[in-house]
Every structure is written in structure tokens, then in C-alpha cells.
Amino acid sequence: YIPHHIFNGIVITAIAVNDDVWLEKFIEKYKGDIEPEYYNDVYNLNLAKLLFYRRNYYLSLKYLNNVEYKNPNYFINAKAILLKTLYEMGDTEGISYTLDSLKHYIYRNNTLVDQQVHNIKMMIKYFKYLVKLKNKDTVALQKFLEMLNRERSFVPEKNWLTEKITELNSIQLA
């Protein structure tokens with residue numbers, strides 16, 4: 001079997017190098033080699049990532065709904081993709097609901113390690129800012145970008161957040 005973390009790493013790398021055609025073939029060819037106890041989460045989460053990358057948001061949501069969250073990292077990763085998808089679809093109500101569920105997850109789940117709690121808190125913090133700044137001026141967007149860049153600790157989806165701020169900034173300047 002392919003260890004689930006290795007399979008996930010391959011998916012992340014293929015997306016990072018923009019090789020979605022190869023990635024789709026990889027997922028389909030090796031899905032049967034995923035560790036059985038992680039199969040459902042690994043397969044569905046990684047297909048959701050691929051579909052998000054391809055901007056097929058509705059289909060990405062379908063696969064996200066099949067993730068069972070047997071591991072807290074899959075919950076965190078699925079919620080990150082969900083938040084990005086909802087943002088791209090303009091669903092601020094869905095984002096608010098998802099951020100609220102993340103906040104409750106921290107308090108309900110006593111098996112989370114400090115890094116997982118930190119990652120969830122950072123995700124909540126920066127997605128709230130992003131939604132709040134969607135219709136703000138360039139000065140506010142620039143301040144948010146500076147704050148994000150000054151953050152010394154790990155921020156989940158930092159590159160994507162930076163990309164969205166830059167997009168909003170260019171829209172404001174146009």
C-alpha cells in the first residue's frame with residue numbers, strides 16, 4: 001500500500017507544479033493502493049483538491065461531502081478546501097457557517113495537538129479578514145497583506161490568501 005501521507009504529498013506536489021492531467025491519471029491508477037483505513041478520505045479529499053484546482057467548484061464540493069474525517073488533518077484540510085471553494089463561489093454565509101464549525105471543532109475535539117489548534121485558529125482569523133475586506137479599499141487590503149506576510153507562524157493556505165488579496169487589490173485599482 002501507499003501510505004496516505006505519501007499519496008497526499010504527491011497530490012500537493014503535482015498541483016504545485018500545475019500538472020493536473022498527470023495527477024488525475026495518478027489518482028485513478030493508484031487509488032486501489034491507498035491504505036484501506038484511509039481510502040475514503042484520501043481519495044475524496046484529493047479529488048476535491050484536483051477539482052478545486054481546475055475551478056470545478058460544484059464537483060469539488062461533492063467529493064468534499066464524502067470525506068469522513070477519520071483523522072483531524074483530513075478535517076482541517078477538507079475545511080480549508082471548502083472555505084476556498086465557498087469564497088470562489090461568493091457564498092459568504094457558507095463561509096461564516098464553516099468558520100463557526102471550525103471554532104466549535106477545537107472545543108469539542110480533545111485529541112487535537114497544539115499545531116492543529118493553531119492551524120485552525122489561523123484559518124479562522126485570516127478567512128474572516130478576507131471576507132471582511134472583499135469590498136474594502138486598497139489601503140485596507142495592503143494592510144491585510146502586510147499583516148499576513150508578517151505572520152511568523154504557519155498560516156494554512158497562505159499562498160491562496162495572498163493571491164486573493166492581490167486579485168481584490170487589482171479589482172479595486174481598476
Could you figure out which of (1) within 19 Å of TRP160 (Cα to Cα); (2) assigned to a helix (DSSP H, G or I); (3) open to solvent by 40 Å² or more (accessible area, probe 1.4 Å) isn't true of ASN40?
-> (1)
Please indicate, with yes or no, whether at least one residue in region 99-112 is open to solvent by 50 Å² or more (accessible area, probe 1.4 Å) and among the small types (Gly, Ala, Ser).
-> no
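Taking LYS62 as the residue in question, decide whether it is assigned to a helix (DSSP H, G or I), out of contact with any strand residue (DSSP E or B) (no Cβ under 7 Å at 6 or more places or on another chain), loosely packed, with under 15 Cβ neighbours inside 10 Å and without any contact (Cβ under 8 Å) to a residue 60 or more places away in the chain. Before the answer, list the steps.
Working: assigned to a helix (DSSP H, G or I): yes; out of contact with any strand residue (DSSP E or B) (no Cβ under 7 Å at 6 or more places or on another chain): yes; loosely packed, with under 15 Cβ neighbours inside 10 Å: yes; without any contact (Cβ under 8 Å) to a residue 60 or more places away in the chain: yes.
In short, yes.
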Select from region 70-96 the residues that are more than 12 Å from the chain's Cα centre (by Cα) and closer than 17 Å to ILE34 by Cβ and write down the one among them that is least open to solvent (accessible area, probe 1.4 Å).
-> ASN71
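Please pick out the residue among VAL11, VAL67 that is open to solvent by less than 60 Å² (accessible area, probe 1.4 Å), touching a helix residue (DSSP H, G or I) at 6+ places or on another chain (Cβ under 6 Å) and not in a helix (DSSP H, G or I). Break it down into steps so the answer makes sense when it comes.
Details: VAL11 fails: not in a helix (DSSP H, G or I).
Among VAL11, VAL67, only VAL67 is open to solvent by less than 60 Å² (accessible area, probe 1.4 Å), touching a helix residue (DSSP H, G or I) at 6+ places or on another chain (Cβ under 6 Å) and not in a helix (DSSP H, G or I).
The values are calculated or read from the model by the stated rules, or taken from the named source; none is laboratory data. Since the structure is predicted, the reported quantities are computational estimates derived from the model, not experimental observations. Quick reminder, even Gly has a Cβ in these numbers, built from the backbone with ideal geometry, and neighbours come from all protein chains shown. SASA here: full protein model, heavy atoms, side chains in, ligands and nucleic acids out. Shrake-Rupley method; radii C 1.70, N 1.55, O 1.52, S 1.80 Å.
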